[in-house]
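What follows is calculated from the coordinates using simple rules that are stated; it is not laboratory data. Predicted, not measured: the structure shown is a model, and the values here were computed from it. Cβ coordinates were reconstructed from backbone atoms using ideal geometry, including for glycine residues, and neighbour counts include every protein chain displayed.
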Amino acid sequence: MEFFLSITSTKAAQYLGVPMIEGEDGAKDLEKARLAIDCTKFLVEKLQPFVTEEESKQLNAVVSNLQFAYVKESS
C-alpha cells in the first residue's frame with residue numbers, strides 16, 4: 001500500500017507543477033492533480049487501521065499538504 005501512496009502523491013505533486021527532474025519545467029494539470037490527491041486520500045483512509053498513530057499523522061500531513069498546494073495552484 002505504501003508503494004501506491006508514494007506513486008499517487010508523487011504524481012499529484014508532478015501534476016501540480018513540481019518538476020521531477022532538475023532543470024525540467026513542471027507541467028500543470030489540475031484535473032489530474034485532483035484525481036491523484038483523491039486517490040492518495042482514499043489509500044490513507046484505508047491504511048488508518050493498520051498504522052501507528054504517528055504514521056497516521058504523517059500520512060494525513062501528506063494529504064493536507066497536497067490539498068493546500070492544489071488550492072494554492074488553482075487560485
Expressed as a whole-number percentage, the relative contact order of the chain with C-alpha contacts under 8 angstrom and at least six residues apart is 32 percent
Rounded to two decimal places and with Rh computed the Kirkwood way over Cα pairs, what is Rg over Rh for the chain?
1.00
Fluctuation leader among A33, A12, A61 - the chain, Gaussian network, Cα springs under 10 angstrom:
A61
Given the chain, longest segment not containing exposed loop GluC sites (Glu not before Pro) (DSSP; at most 15 other Cβ within 10 Å):
25-75
Taking 0.36 nm per residue of sequence separation and subtracting the Cα-Cα distance, how much length would be gained by fully extending the chain between K72 and N60, in nm to one decimal?
2.5 nm
Taking 0.36 nm per residue of separation and subtracting the Cα-Cα distance, what length does fully extending T52 through S6 add?
14.8 nm
